[in-house]
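The values are calculated or read from the model by the stated rules, or taken from the named source; none is laboratory data. If you're wondering where the values come from, they're calculated on a predicted model, not measured in any experiment. Reconstructed Cβ throughout: ideal geometry from the backbone, glycine too, with neighbour counts over all protein chains shown.
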Amino acid sequence: MYTKEEIRDHVEILMDPSVNKSFKETGGIKFLDIDKEKMIVNMVIGLEKLEDDYKRSVTRSLAKLIKLDLGFTGIKTDFELNKKSDSILSREIRYIGIASGKGGVGKSTITANLAYALTTLGKKVGIIDADIYGSSIPTILDMEVTPPKGTGNEKIIPFEKDGIELISTEFFLAPDKPLMWRGPMLGKMLNHFFYDVVWDKEIEYILVDLPPGTGDVALDIQGLVPQCKMIIVTTPHKSASHVAVKAGFAAEKLKHELLGVIENMSYFSHAGENIKIFGEGGGKIVSDKLKTKILATIPIGQPKNHISVFAPDEEIGINYLGLANKIIKEY
């Protein structure tokens, strides 16, 4: 059976008849998933013009490709207007994905602190909390979770905290209720974050807090922002580094450039001694196997005046400023 990546490669060659460009050129593959039990491919396709003739033409081309050429039982296709031209995707933005192999390594905390550090250095930053099932950025930033406001033309106004713009699934859910969506709904939510949010025109960096692992969201991000560069987060523990390596190789397979590795929770300073609670060497294992560098080693600590964000004059806050400086120089 063909993988999602292989199917995507085939579909990207097909043409959007409304503009006579390939779906690779238009970024028209908005969502792609496989129902392995029923051998059905589910897709969301963006067209530059949503006229029935164009949709019928693409439906025929997809049916031939998926059923006759690739041997699947069927295909379910939804269409939407390709809104790239008036979205943030049409602008020169530096996208940085923060990824990890497993949960609990502090990926979201690093995302928030890196955003603050970049802001301290004069950069305009936005965060897309794409950790769909475990979104936590609003909590980390100590924000009240309320439904987002909209504009007159049905766009979404992002939230703002200390000059950082943010959008997260947490703002769309009832308090303490789990997200029960499946593939196509998740893809559509991510599309809204990129296409329908009215991001500040001065934004230079978008940090994308990715779910742990190598699932559908990573594939969707690749389709939306293939130029997104990745930072891999691990702890010193060998079990965390083992799965972080997998996340790094998955990013490379999707042709994302790796900026480097962050080793979080590297040690705990007590009475003048650095206590290595989670062992040591995890960051080096990941960086060596991925042939990249360690960007930062972040110790365990508690901010003085915030839940999770370190001020620029705190020791760990200075570490984050150093990390932000590296990012600015290298991206």
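From the residues in segment 24-52 that are surrounded by 13 or more Cβ atoms within 10 Å (Cβ to Cβ) and among the basic types (Lys, Arg), which one is nearest to the chain's Cα centre (by Cα)?
Of everything passing the filter in segment 24-52, Lys30 is nearest to the chain's Cα centre (by Cα).
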State yes or no: is Ile285 surrounded by fewer than 18 Cβ atoms within 10 Å (Cβ to Cβ), modelled with pLDDT of 95 or more and assigned to a helix (DSSP H, G or I)? no
Going through segment 59-80 one residue at a time, which ones are out of contact with any helix residue (DSSP H, G or I) (no Cβ under 9 Å at 6 or more places or on another chain) and of a type outside the set (S, T, N, Q)? Arg60, Ala63, Lys64, Lys67, Leu68, Gly71
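For the structure I just gave you, tell me whether Thr109 is closer than 24 Å to Ile328 by Cα and out of contact with any helix residue (DSSP H, G or I) (no Cβ under 8 Å at 6 or more places or on another chain). Please lay out each step first, then the result.
Numbers: closer than 24 Å to Ile328 by Cα: yes; out of contact with any helix residue (DSSP H, G or I) (no Cβ under 8 Å at 6 or more places or on another chain): no.
Criteria not met by Thr109.
Is it the case that Ser241 is over 16 Å from the mean Cα position of the chain (by Cα), among the hydroxyl-bearing types (Ser, Thr, Tyr) and over 21 Å from Gly101 (Cα atoms)? Step through it out loud before you land on a result.
Details: over 16 Å from the mean Cα position of the chain (by Cα): yes; among the hydroxyl-bearing types (Ser, Thr, Tyr): yes; over 21 Å from Gly101 (Cα atoms): no.
Considered against the rule, which asks whether it is over 16 Å from the mean Cα position of the chain (by Cα), among the hydroxyl-bearing types (Ser, Thr, Tyr) and over 21 Å from Gly101 (Cα atoms), Ser241 comes out as no.
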Enumeration of residues in segment 24-70 that are more than 18 Å from Ile13 (Cα to Cα) and in a loop (DSSP other than H, G, I, E, B): Lys36, Glu37, Lys38, Met39, Lys49, Leu50, Glu51
Among residues of segment 127-159, those that are under 19 Å from the mean Cα position of the chain (by Cα), over 19 Å from Gly317 (Cα atoms) and assigned to a strand (DSSP E or B), counted: 4
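Which residue out of Ile294, Ile275, Ile203, Ile262 is closer than 30 Å to Lys188 by Cβ and not small (Gly, Ala, Ser)? Please lay out each step first, then the result.
On the way: Ile294 fails: closer than 30 Å to Lys188 by Cβ; Ile275 fails: closer than 30 Å to Lys188 by Cβ; Ile262 fails: closer than 30 Å to Lys188 by Cβ.
That would be Ile203, the only listed residue that is closer than 30 Å to Lys188 by Cβ and not small (Gly, Ala, Ser).
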For segment 76-123, the count of residues that are within 22 Å of Asn325 (Cα to Cα) and assigned to a loop (DSSP other than H, G, I, E, B) equals 6
Quick count over segment 244-266, residues being surrounded by fewer than 19 Cβ atoms within 10 Å (Cβ to Cβ) and either over 15 Å from the mean Cα position of the chain (by Cα) or farther than 30 Å from Cys228 by Cβ (or both), is 3
Among (1) in contact (Cβ under 8 Å) with a residue 24 or more places away in the chain; (2) surrounded by fewer than 19 Cβ atoms within 10 Å (Cβ to Cβ); (3) within 29 Å of the chain's Cα centre (by Cα), the one test that Ser57 misses: (3)
Can you tell me which residue within segment 4-34, out of those that are in contact with a Ser or Thr (Cβ under 7 Å, 6 or more places away or on another chain) and not aliphatic (A, V, I, L, M), is farthest from Ser57 (Cα to Cα)? Glu12
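Out of the residues in segment 2-23 meeting the condition of being in a strand (DSSP E or B) and charged (D, E, K, R), tell me which one is surrounded by the most Cβ atoms within 10 Å (Cβ to Cβ). So that I can check it myself, show each step before the final result.
Let us first name the residues in segment 2-23 that are in a strand (DSSP E or B), namely 15-16, 21-22.
In the following step, the residues that additionally are charged (D, E, K, R) were identified as 16, 21.
Values: Asp16: 22, Lys21: 13.
Within segment 2-23, the match that is surrounded by the most Cβ atoms within 10 Å (Cβ to Cβ) is Asp16.
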Answer from Lys102, Lys124, Lys107 - the residue that is among the basic types (Lys, Arg) and crowded, with 22+ Cβ neighbours inside 10 Å: Lys107
Please enumerate the residues belonging to segment 178-190 that are at pLDDT below 80 and either crowded, with 22+ Cβ neighbours inside 10 Å or not in a helix (DSSP H, G or I) (or both). Pro178, Leu179, Met180, Trp181, Arg182, Leu186, Gly187
Hits in segment 72-97 - residues which are over 15 Å from Lys155 (Cα atoms), surrounded by fewer than 16 Cβ atoms within 10 Å (Cβ to Cβ) and among the charged types (D, E, K, R): Lys76, Asp78, Arg91, Glu92
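Among the listed residues Ile132, Ile66, Ile88, identify the single one that is β-branched (Val, Ile, Thr) and modelled with pLDDT of 95 or more.
Values: Ile132 fails: modelled with pLDDT of 95 or more; Ile88 fails: modelled with pLDDT of 95 or more.
Of Ile132, Ile66, Ile88, the one residue that is β-branched (Val, Ile, Thr) and modelled with pLDDT of 95 or more is Ile66.
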Quick check on Leu207: is it crowded, with 22+ Cβ neighbours inside 10 Å, outside any helix (DSSP H, G or I), modelled with pLDDT of 95 or more and within 22 Å of the chain's Cα centre (by Cα)? yes
